[in-house]
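Structure record follows, encoded as structure tokens.
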Amino acid sequence: MLRVATVGTNWITDSFLEAAQQTGKINPVAVYSRTMESAENFARKHHIKHCFDDLDAMANSDEIDAVYLASPNAFHAAQAEIFIRAGKHVMVEKPMASNIQEVEALITLAQENQVVLFEALKTTYNPNFAVLRNSLSKIGRLRKAHFSFCQYSSRYDKYLNGENPNTFNPEFSNGSLMDIGIYPLSVAVALFGEPKSFTAQGALLDSGVDGHGTLVLHYGDFDAVITHSKVSDSKIPCELQGEMGTLVIDTIAECRNIVIHRREEPDVTLSRFQAKNTMQYEAAEFARLVEEKDYDHSGLARSRIVHTIMTVAREIIGIRYPADS
């Protein structure tokens, strides 16, 4: 069993711990929080033995093999570095870091230290993503790809009321593209590879981050159009249009439901059962990579492409984080 510590005591860590237990491969053994009281409260909730309020002490503990980082985006790179240097495997929530320079540095460091570095972007590890990828040939030559992930943030009302939540604060390397645009972007890259070129647009809030935006990835004879928003909701599914038919995908972050439409044929639902908490699939993949000592896995190449696009897109839009300095 892989002994895993967690950094962060929020809802996403709750979800990860629930998912990790389902894998049968991960044993949660330690919790970090900025205060020992918070760590102990979280540990009791999940029946976890060890508590830390010092990252270096956790990283150098003989009680853990790996760490799951679910801290604010701006902290990911520095915290990951601490654990990598201590010889621990690192599963870091998306986005892995604030920019491509930090991503490259982490990948190099992880390979030098012979540990697994893994960006926890669950979509591409879900069973229905494999269904989607394997179904592309059924629609013939691809002509259009439309991805939409627009979800009104529960914290946007706080922002409108004059508060400064992390979600809309550049100090925490946040905004629509980094928070939810990364999901459809990663799916597009996983399906089609690196685009020949791309364009980017975004609407900046007064705080300096993007509230919503659009990416267009150019692949030669088709484009992948990605719309993302944290200030509005979308109810439309995603589409991959080929000359022989169309694949329709609900909820791109989950690939929850996939239907193929082919002319003069009945519609067919292709999606299969997925666990409600789909984080278990990425957790199982992380454990597999550690077990097989795969320090140069394909997810790293995808992360490089995705973070290069996001870093350049932010430059085009005019979004700058303190980490970019």
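The values are calculated or read from the model by the stated rules, or taken from the named source; none is laboratory data. In this text, all values refer to a predicted model and were calculated from it rather than measured experimentally. All Cβ positions, glycine included, derive from the backbone under ideal geometry; neighbour counts span all protein chains shown.
What's the number of the condition M244 fails, among (1) touching a Gly at 6+ places or on another chain (Cβ under 7 Å); (2) surrounded by 18 or more Cβ atoms within 10 Å (Cβ to Cβ)?
Failed condition: (2).
Go through the residues of region 159-169 one by one and say whether even a single one is assigned by TED's automatic domain parsing to the domain that holds V225, surrounded by 20 or more Cβ atoms within 10 Å (Cβ to Cβ) and closer than 21 Å to G220 by Cβ.
No: region 159-169 contains no residue that is assigned by TED's automatic domain parsing to the domain that holds V225, surrounded by 20 or more Cβ atoms within 10 Å (Cβ to Cβ) and closer than 21 Å to G220 by Cβ.
Could you look through region 60-92, keep only residues that are among the small types (G, A, S) and either touching a strand residue (DSSP E or B) at 6+ places or on another chain (Cβ under 7 Å) or over 24 Å from E171 (Cβ atoms) (or both), and pick out the one that is surrounded by the most Cβ atoms within 10 Å (Cβ to Cβ)?
A80
Take residues that are in contact (Cβ under 8 Å) with a residue 12 or more places away in the chain and over 24 Å from H297 (Cα atoms) and tell me which of the strands (runs of 3 or more DSSP E) falling wholly in region 35-137 contain 3 or more.
Of the strands (runs of 3 or more DSSP E) lying wholly inside region 35-137, those with at least 3 residues that are in contact (Cβ under 8 Å) with a residue 12 or more places away in the chain and over 24 Å from H297 (Cα atoms) span 50-52.
Considering only region 231-325, give the strands (runs of 3 or more DSSP E) lying wholly within it that have at least 1 residues that are among the basic types (K, R) and in the same structural domain as D206 (by TED's automatic domain parsing).
Those strands (runs of 3 or more DSSP E) span 257-262.
If you scan region 157-202, which residues turn out to be of a type in the set (D, E, K, R) and in a helix (DSSP H, G or I)?
Scanning region 157-202 gives D157, K158, E171, D179.
Going by the conditions given, is A120 within 17 Å of V7 (Cα to Cα) and surrounded by fewer than 20 Cβ atoms within 10 Å (Cβ to Cβ)?
no
Looking only at region 203-223, which residues are touching a Leu at 6+ places or on another chain (Cβ under 7 Å) and not in a loop (DSSP other than H, G, I, E, B)?
If the condition is that a residue be touching a Leu at 6+ places or on another chain (Cβ under 7 Å) and not in a loop (DSSP other than H, G, I, E, B), then D210, G211, G213, L215, D223 are the ones that fit.
Here is a check on your reading of the model: is I26 without any contact (Cβ under 8 Å) to a residue 40 or more places away in the chain, of a type outside the set (S, T, N, Q) and either crowded, with 19+ Cβ neighbours inside 10 Å or in contact with a Lys or Arg (Cβ under 7 Å, 6 or more places away or on another chain) (or both)?
Here the answer is no, as I26 does not meet what is asked.
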